[in-house]
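The values are calculated or read from the model by the stated rules, or taken from the named source; none is laboratory data. Model, not experiment: these values are computed from the prediction. Cβ sites come from the backbone with ideal geometry, for glycine too, and all protein chains shown count toward neighbours. Remember, those area values only see protein heavy atoms, side chains included, never the ligands or the DNA or RNA. Shrake-Rupley method; radii C 1.70, N 1.55, O 1.52, S 1.80 Å.
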Amino acid sequence: MDADRRIAAAEDVAADETLVFTAKRGFESTEGILTRLADGTVVAYTNYCPHWRDVRLDKGSGATVRNGELVCGKHGATFQKADGHCDFGPCEGAVLDTFEVTVENGDVYLTDDDWDAAEPGLSEERDLSSGGRIDF
C-alpha cells in the first residue's frame, strides 16, 4: 500500500471509539472518522453531522459512541455504526458519507479513489459551531 494513504494502525481503532483523519486531494481536504464494527471490520465516515455540516462528530478526542451508534454531541442525532444511517434527531433518515478503507498488514489505508492521501488527525479547518454539547 502507498504510505501516503496510511491513516493509522488497525489496533488503534476501537469499537467504542472513533479516530479522526484528514483525506486530501490536491489543495482540497476533508475529515473522516474510523470506527470498528462488532465483527471487527473497520469503517470510515465523514466527520460531520448532515444536519449542520460545520459540526464535527469527532472534535479530536473521539466522538460519542453509545449502543452501536455514533452520537452528534451538538444535536443528539444518532447514526448506526454499521451503515451511517441516522435513526434519531434532526437529520433522521440521512446517511453519513463513507470513505473506502482497507486494513492490510495491521494498518488502515484510505483506498477511496476520490482522495490521494490521508493523515491522522484534524484538518486545519476550524469548527464553526458553538461549544454547546449534549451529554448522555
> Just checking, how many residues over the range 25-36 are over 16 Å from THR64 (Cβ atoms), surrounded by 18 or more Cβ atoms within 10 Å (Cβ to Cβ) and among the charged types (D, E, K, R)?
Replying inline: 1
> In the range 39-98, how many residues are part of a loop (DSSP other than H, G, I, E, B) and of a type outside the set (Lys, Arg)?
Replying inline: 35
>> Can you tell me how many residues within the range 37-59 are open to solvent by 50 Å² or more (accessible area, probe 1.4 Å) and either among the acidic types (Asp, Glu) or touching a residue at least 24 places away in the same chain (Cβ under 8 Å) (or both)?
In response: 6
> at pLDDT below 95 and surrounded by 14 or more Cβ atoms within 10 Å (Cβ to Cβ): does that describe LEU122?
Replying inline: yes
>> Condition first: modelled with pLDDT of 95 or more, outside any helix (DSSP H, G or I) and either over 10 Å from THR35 (Cα atoms) or open to solvent by 20 Å² or more (accessible area, probe 1.4 Å) (or both). Now tell me which residues in the range 1-16 satisfy that.
In response: ARG6, ILE7, ALA8, ALA9
